[in-house]
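Right, one structure below, let's go through it.
Taken together, the values in this text are just the output of simple stated rules run on the coordinates, not laboratory data. The model shown is predicted, which means the values in this text are computed figures rather than measured ones. Note: ideal-geometry Cβ built from the backbone for every residue, glycine included; neighbour counts use all protein chains shown.
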Amino acid sequence: MQGRKVAAVVAAVGALAFVVLAVLLVPWDPVPGGPLHPPPASSVFTTDQIDRAEDFAGLQRIWSWSSLAVSLAVACVLGFSRLGAAFVDRVRGPWWWRAVVAVLALTLAGRVATLPFAVLLRRRVLAYGLSHQEWGAYAVDLAKGVAVEVVGTSIGIVVLVGVARRWPRAWPAVAGVLVAGLVMLGSFVYPLLVEPLFNDFESLPDGPLRTQVLALADEEGVHVDDVLVTDASRRTTTLNAYVSGYGSSRRVVVYDNLLDGGSSVDDREVLSVVAHELGHARHDDVLIGSLLGAAGALMGVGLLGLVLGRRGSGPADPRTVPRVLALVALASLLASPVQNGISRQIETRADVDALEATGDPEAFVELQRDLALTSLADPTPYAWSHFWFGSHPTTLQRIALARRFEE
């Protein structure tokens, strides 16, 4: 009973911390002038462009949702039946080794079960010209992704099981703090350890564009040691840029195909992209996301303690690992609307910053149009789907924002 009380307190503290951080740090009203009214898709794209995007997105959504459903089904069957625990029982070795093997086996089981959907999704990406990457290189990237997932998950699980074995009653408090710390550490080291596994990076070459980018950063009061270009074109034909890390690991990265002379994007649009990412850097959005993730992890460990407390003393036995992973998978799905809703607000603020910094809403509109065309983004996704899974405003919402600035 004492362990469940500790878990309840940890869950409450985590929830309170999340709410306070969200209220203080998330821009809940980033758009000046009230709600946006997106223009009709036909005023931005041709009929052929709309049909092509909807045709691509329609089947992609079906395969993606099917893959998610199968992945959750596998996790739940292995986690909530005796199958997962029975497998762990057959593994010989110290407790930490059994926990790691359980993570590896369950991750591979999920990937194998969803592999047909991954192949179908990949075939359509190739058919529509969104990538020219060979299947062998794609398989290597897929294997790297699985390895990163297994390592990251294993670290968290070993910490959780080890703490529960050491502190049978107080484990939710100790594990909650440690897992929250791992979230912060992971966000810091991700650009240094993980991103180089998938891409090569080099500095933006000297020239007018680099001078303009650094001048823009200076005007925005954002300290940028360098702007990096990644070889994303080996994997995708879509255009993008991003900011990752925080503190000394923070980096602004631009896709190389965004700078390619054959791209439809001109320097004004590139500056608009960079201004958006500088907006993230200016507000320390990666740090904000990490803090919210840490608070959510603390709350999650507390809730995990409440759920597992009904069936035993906690996750001290490696046989509980499949159940823990199943609960995490379900919790991640249920938390998606909150996570993505916050993300959309933060992305909208970065759009506002980009428009204010460049003073060029026309370039912003052209950029959004080019980004949508190169990625075949559905201009009018299902409202519920965008609410649950959409991490960015829609193309038409972003164009409506730019046109408000024009007014």
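Does the range 1-73 come out rounded, prolate or oblate, given a ≥ b ≥ c as the square roots of the eigenvalues of its C-alpha gyration tensor, rounded meaning a/c under 1.5 and, failing that, prolate meaning a/b above b/c? Verdict is oblate for the range 1-73. Residues considered: Leu330, Leu239, Leu259. Largest GNM mean-square fluctuation over the chain, using C-alpha springs under 10 Å, is found at Leu330. With respect to the chain, whose longest principal axis is taken over its alpha-carbon atoms, helix 135-166 is tilted by about 40°. Working from Cα positions, state the angle (0 to 90°, nearest 10) between the long axis of helix 95-127 and the longest principal axis of the chain. On a 0 to 90 degree scale, this one is about 30. Taking the longest Cα principal axis of the chain as reference, the axis of helix 285-309 is set at about 20 degrees.
Helical runs (DSSP H, four residues minimum) scored at -39500 (n - 2.57) apiece and divided by the length of the chain put the mean residue ellipticity at 222 nm at -24000 deg cm²/dmol.
Values of log10 I(q)/I(0) for the range 59-191 across q = 0.12, 0.13, 0.19 Å⁻¹ run -0.63, -0.73, -1.21, by the Debye formula with one identical scatterer at each alpha carbon and no solvent. Using a Gaussian network model of the chain in which every pair of alpha carbons under 10 angstrom is joined by a spring, one finds that among Arg111, Arg166, Arg319 the greatest mean-square fluctuation is at Arg166. Directionally averaged projected area (the chain, Cα convex hull): 20.3 nm².
I need the Kirkwood Rh of the range 209-263: take the reciprocal of the average 1/r across all distinct C-alpha pairs and report it in angstrom.
Values: mean 1/r = 0.0820 Å⁻¹.
Taking every pair of different Cα atoms in the range 209-263, averaging 1/r and inverting gives 12.2 Å.
Taking amide H as placed 1.01 Å from N in the peptide plane, Ser131 has its amide H under 5 Å from the amide H of Thr237, each at least 5 places away in sequence or on another chain.
Please figure out what share of the DSSP beta bridges in the chain is antiparallel and state it in percent, rounded to the nearest 5.
On the way: 7 of 11 bridges.
Approximately 65 percent, going by the DSSP bridge assignments.
When only the Cβ of Lys, Arg, Asp and Glu is charged (+1, +1, -1, -1), the dipole of the chain relative to its Cα centre reaches about 3400 debye.
Just checking the listed ones, Val253, Val274, Val112: in the Gaussian network model of the chain with Cα springs under 10 Å, the one fluctuating most is Val112.
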